[in-house]
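Encoded as structure tokens, the structure appears first; notes follow it.
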Amino acid sequence: MKILFIIDDFVSSNNGTTISCRRFAEELRLQGNQVRILGVCDTTEEETYPLEKYDFPIVEPLLQKYDFHFPKIDMQMIRKAIAWADLVHCMMPYALTYRCIPIIRELNKPATSAFHIQPENVLSALKMGKWSWLNGWLYRVWYKRIYKHFVYVHCPSLFMKQELQRHGYNNDIRAISNGISSAFVEQSHYKSEKFEGKIVITMVGRLAREKRQDLIIRAAALSQYTNQIQLVFAGKGPLKAEYQRLARRIGLKNPPIFVYYNQEQLVDLLAQTDVYVHASDMESEAIACIEAFATGLVPIISDSHLSATKSFALDNRSLFRAGDAADLACKIDYWLNHPKERKEMERCYAKAASKYSLTHSVHAFMEMCEDMVRMHRNKMNSN
């Protein structure tokens, strides 16, 4: 099948939807499909229909901090890309998808969509992520402008499917994990010279307000192991300087490390990690957490009602009260005080990760695509 992914930003290294799109495209090609991308792309990459980046007045500095790019709309390029495809899959609920919908209809192409981006995540950048009425309004706007035009919607978790249904989305919603790379498998844990004698606590994710790295910093200060803890935040984002100031102010002995890691480096970091923490208030899935426990780490996860990630916890020892640094510190200390239990659960978590393989996810995604193509063909025949 010739599949076109429409995604605003295909160059960001810090955006979960972009990373998922790249992985799906690679796996789909391995399974014998042709895949091309329409969006802001590296022009040296093959199999793309590149759009130029659009510089938004006023908000461009904020977009740069979040490492996100919106495209200029080029109708000629859009038409060329859609004309090539057997099936079009729209990844984001922004202007590019909105402008593509009439062309998809005109060229009579079967199309599906994805819901990876929670309104809460978007609004958190404006410090309004917990304004429920505003989030509800954005869900409705996206439905009216984008999602009502698609029969099939892919979302990455059962939680997200339930959220969409709660907000009135009556599509055929397929909950399919974004899937983890085969590189994330159970590791032999060790410590390099840099981490020798330290307790390494890691979180992977963008340094943004809704990810709540601040809670981990505060919890490390409250832990009975505070002088041994080395926090590592694998990611980049607008709040790095703020978090560095927080760590200095509360007097952490070991300053947190803030580094963006490629996949190989991340696997190595996780092999040196003692406990993985995912403190985010809002997540549609958090593939980074699955990758961590796939390597044989016990996660400690926020029980936020706006996060799908809590469903990964195998018992309450791996959950802490959302927004509560003291409770997080207690859970960290529990696992550090019970190494035998931690070792047992590391094996359980590594085993639990097997159902989130990228290959399995892409097979499920292809079933959705085939269902859409079949529906489109039947409709054409009946006309």
Review point. How many percent of the alpha carbon pairs in the stretch 237-383 exceed a separation of 25 Å?
Key: 42
Practice item. Pull out the extension gain between ARG374 and ALA326, defined as 0.36 nm times the separation in residues minus the alpha carbon to alpha carbon distance; nm, one decimal. Key: 11.9 nm
Study note, to complete from the structure: the chain accessible area per residue, 1.4 Å probe, protein heavy atoms, integer Å², reads 44
**Study point:** Per-q log10 I(q)/I(0), the chain, q = 0.07 Å⁻¹ (Debye; single scatterer per alpha-carbon; no solvent)
**Key:** -0.32
Study note, to complete from the structure: Of every hundred units of 1.4 Å-probe accessible area on the chain, the number belonging to carbon and sulfur atoms, as a percent, is 51
Exercise for review: Please give the peptides 240-248, 153-161 ranked by average Cβ packing (other Cβ atoms within 10 Å per residue), highest first, as a rough proxy for protection.
Suggested key: 153-161, 240-248
Study note, to complete from the structure: Reported to the nearest 10 Å², LEU30 has, with a 1.4 Å probe, an accessible area equal to 140
Exercise for review: Starting from the amide H of ALA322, placed 1.01 Å from N in the peptide plane, find each other amide H under 5 Å away whose residue is 5 or more places distant or on another chain.
Suggested key: ASP303, SER304
Review point. From the square roots a ≥ b ≥ c of the eigenvalues of the alpha-carbon gyration tensor of the stretch 144-300, which class results: rounded (a/c under 1.5), prolate (a/b over b/c), or oblate?
Key: prolate
Check your understanding: For the stretch 84-207, what value does the Rg/Rh ratio take when both radii are computed over Cα atoms and Rh is the Kirkwood radius, given to two decimals?
Key -> 1.11
Check your understanding: What does the convex hull of the alpha-carbon atoms of the stretch 1-153 project to on average, in nm²?
Key -> 9.2
Revision key, fill the gap. Length gained if GLU46 through LYS148 is fully extended, taking 0.36 nm per residue and subtracting the Cα-Cα distance, is 33.5 nm
Check your understanding: Per-residue ellipticity at 222 nm for the chain, helices alone: DSSP H runs ≥ 4 residues times -39500 (n - 2.57), over residue total, nearest 500 deg cm²/dmol?
Key -> -13000 deg cm²/dmol
Practice item. Please express the Cα-Cα pair-distance distribution P(r) of the stretch 35-79 as a list of whole percents, one per 5 Å bin, running from 0 to the bin with the greatest distance. Key: 5, 22, 25, 22, 15, 9, 2
**Study point:** Those residues of the stretch 278-306 whose amide nitrogen sits under 18 Å from the label point placed on ASN254, 7 Å along Cα→Cβ
**Key:** 278, 297-300
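The values are calculated or read from the model by the stated rules, or taken from the named source; none is laboratory data. In this text the structure is predicted, and so the values were computed from the model without any measurement. Neighbour counts are summed over all protein chains in view; Cβ atoms, including those assigned to glycine, are modelled from backbone coordinates with ideal geometry. Note: accessible area is taken over every heavy atom of the protein model, side chains too, but ligands, DNA and RNA are not part of it. Shrake-Rupley method; radii C 1.70, N 1.55, O 1.52, S 1.80 Å.
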